[in-house]
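Trainee: Just passing along the structure, written as structure tokens.
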Amino acid sequence: MNELTHTDHQVPDAGGMPSFADFTHWEGPAIGLMDLDAFFASVEQLDHPEWRGKPVIVGGLPEERGVVSTASYEARPYGVHSAMSSAQAHRLCPHAIWTRGHFDRYRAVSAEVMAILESETPFVDRVSIDEAFFDVTPGRYSSEDPVTIARRIQERVAALGVTCSIGLGCNKTVAKIASERDKPRGLTVVFPGCEERFLAPLPVRAMSGIGASAERALKHAGIHTLGQLAQAPLARLTTIFGVNAEAVKLRAAGREQSVVKPFDAPDDVKSVSNERTFAEDIVELDDALAALALLGESVGRRLRRKGLVGRTVTIKIKFAYGSGKTMQRKLPHPTDDENLFVPVAQSLLTSLWSPGMHARLLGIGVSDFDTAGGIQTDLFCEVDERGAMASDRRELSVAVDNVRERFGAEAVTFGRAARFGGALVRPDKFLNQNKPRE
């Protein structure tokens, strides 16, 4: 356990940091972030006891130009990490055990873990299949000490055969950063009043949402740590973060106000969709197809975060003269993979498009969710026109999700984003950034 005590080398404070013994009563919000350790690989080691203690890599096979989805902690000392090409991972760790992955099994174990969290508190916000925020503020649901609850969650998760790391603090930003301080099986607690001292020495990149370009801009402005970010003039930060500058400054100081809302059960979510209104009409089919693909990336990411797979894809288009159309098509199998549902959506758009059209809005959605929450295995045997396996393409999407969650949305972009200056959310490109609907 990583205790924020006077001996903690991260916080050089003459007065010292409080220890667990100094806290007999937690005051204020208590929010945790539970992160399952090397989850996919851990489940594989659980199901294959002979793999325990050995390097295990989940992802596309090296000879098939795949990517690494998850690497066990035994593989990481060799330099293997998520989103790395399988060929490179094989060169670094040639004796690793490889598996394509079993996503139905991962969902099942994840559901058991989330059930543990929800038995401790109804305030659980699932971030992804292996991560969730939970609120254990004394008096909100239970009067029990938050640290005691966090320890019990770890013990109950370990009893399932997998492990988790937990960060506990006053808000989501502190909890997220704390959860990454001590892995695997770590519990890092940032006690009330210790937020600024905990965050101040950390690099700016430690805070989620600060991607590579923002980091470069901050360094150019002489801002390298979260403490410097918290003290920076708001006007200087506005040139980098725009209208979000004040929120970023509060987060860096540990003063963010967070709300953990209960996760919507799949039965309560009817569809997951994303749409955008353009400042300038789209008049070329290629641009419209590229925009639809970028919107689909967001839909796929949110489907995977919620553990949903849908059978129906819908597109929406509104024209400059006010009218619009929608079309939908049933998929052969339920999916959460934009590599599969976006081409269907693009096919629908192509059938609607005719020369001279001016598109003011485009949208894409997935609905008709599979109540079993599973993806049929034969789906992963599909091959596209380039000979790429569907499973490899989905593994790439999952790997990209992980990278963006950790390093920010700008950490990975695809070539199609170049049509829109690298992203589909440029304020100079859009009049209205419509909120994704669920």
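The values are calculated or read from the model by the stated rules, or taken from the named source; none is laboratory data. Predicted model, so just to flag it, every value in this text is computed and none were measured. Heads up, the Cβs are rebuilt from the backbone with ideal geometry, glycines too, and the neighbour counts pull from every protein chain shown. Side chains included, ligands, DNA and RNA excluded: accessible areas come from the protein's heavy atoms. Shrake-Rupley method; radii C 1.70, N 1.55, O 1.52, S 1.80 Å.
Trainee: Please tell me if Arg302 is charged (D, E, K, R) and in contact with a strand residue (DSSP E or B) (Cβ under 6 Å, 6 or more places away or on another chain).
Mentor: Details: charged (D, E, K, R): yes; in contact with a strand residue (DSSP E or B) (Cβ under 6 Å, 6 or more places away or on another chain): yes.
For Arg302, the condition - charged (D, E, K, R) and in contact with a strand residue (DSSP E or B) (Cβ under 6 Å, 6 or more places away or on another chain) - is met.
Trainee: Identify the residue in the stretch 166-185 that is charged (D, E, K, R) and either in a helix (DSSP H, G or I) or out of contact with any Ser or Thr (no Cβ under 8 Å at 6 or more places or on another chain) (or both) and, among all such residues, is most open to solvent (accessible area, probe 1.4 Å).
Mentor: Initial filter on the stretch 166-185 (charged (D, E, K, R)): 172, 176, 180-183, 185.
Filter once more, keeping what is either in a helix (DSSP H, G or I) or out of contact with any Ser or Thr (no Cβ under 8 Å at 6 or more places or on another chain) (or both): 172, 176.
Details: Lys172: 43, Lys176: 20 Å².
Restricting to residues being charged (D, E, K, R) and either in a helix (DSSP H, G or I) or out of contact with any Ser or Thr (no Cβ under 8 Å at 6 or more places or on another chain) (or both), the top hit is Lys172.
Trainee: Let me ask something additional. Hey, any hits in the stretch 273-291 for a residue that's farther than 30 Å from Ala115 by Cα, at pLDDT below 80 and surrounded by 22 or more Cβ atoms within 10 Å (Cβ to Cβ)? Even if it seems obvious, please write down each step before you answer.
Mentor: Our first condition is that a residue be farther than 30 Å from Ala115 by Cα; within the stretch 273-291, this holds for 275-291.
From the residues that got through so far, the ones that are at pLDDT below 80 too are 277-280.
From the residues that got through so far, the ones that are surrounded by 22 or more Cβ atoms within 10 Å (Cβ to Cβ) too are 278.
Yes, the stretch 273-291 has at least one match.
Trainee: A further question on this structure: Report whether or not Ala175 is within 22 Å of the chain's Cα centre (by Cα) and either modelled with pLDDT of 95 or more or over 20 Å from Phe40 (Cβ atoms) (or both). Reasoning before the result, please.
Mentor: On the way: within 22 Å of the chain's Cα centre (by Cα): yes; either modelled with pLDDT of 95 or more or over 20 Å from Phe40 (Cβ atoms) (or both): yes.
Spelling it out, Ala175 is indeed within 22 Å of the chain's Cα centre (by Cα) and either modelled with pLDDT of 95 or more or over 20 Å from Phe40 (Cβ atoms) (or both).
Trainee: Failed condition for Gly211, given (1) in contact (Cβ under 8 Å) with a residue 40 or more places away in the chain; (2) closer than 26 Å to Ser351 by Cβ, with all others met?
Mentor: All conditions pass for Gly211, except number (2).
Trainee: Moving on to the next point. Please enumerate the residues belonging to the stretch 231-246 that are assigned to a helix (DSSP H, G or I), within 19 Å of Pro201 (Cα to Cα) and open to solvent by 10 Å² or more (accessible area, probe 1.4 Å). Spell out how you get there, then give the answer.
Mentor: As a first pass, look at the stretch 231-246 and keep what is assigned to a helix (DSSP H, G or I): 231, 234-246.
Those left that are additionally within 19 Å of Pro201 (Cα to Cα): 231, 237.
Across the stretch 231-246, the qualifying residue is only Gln231.
Trainee: In the stretch 200-223, is there at least one residue being in a helix (DSSP H, G or I), in contact with a Gly (Cβ under 8 Å, 6 or more places away or on another chain) and open to solvent by 10 Å² or more (accessible area, probe 1.4 Å)? Give the steps one after another, and end with the answer.
Mentor: Here is the first cut: in the stretch 200-223, the ones in a helix (DSSP H, G or I) are 204-206, 212-220.
Now narrow it down to the ones that are in contact with a Gly (Cβ under 8 Å, 6 or more places away or on another chain): 212, 214.
Filter once more, so that each one left must be open to solvent by 10 Å² or more (accessible area, probe 1.4 Å): 212, 214.
Taking every residue of the stretch 200-223 in turn, at least one turns out to be in a helix (DSSP H, G or I), in contact with a Gly (Cβ under 8 Å, 6 or more places away or on another chain) and open to solvent by 10 Å² or more (accessible area, probe 1.4 Å).
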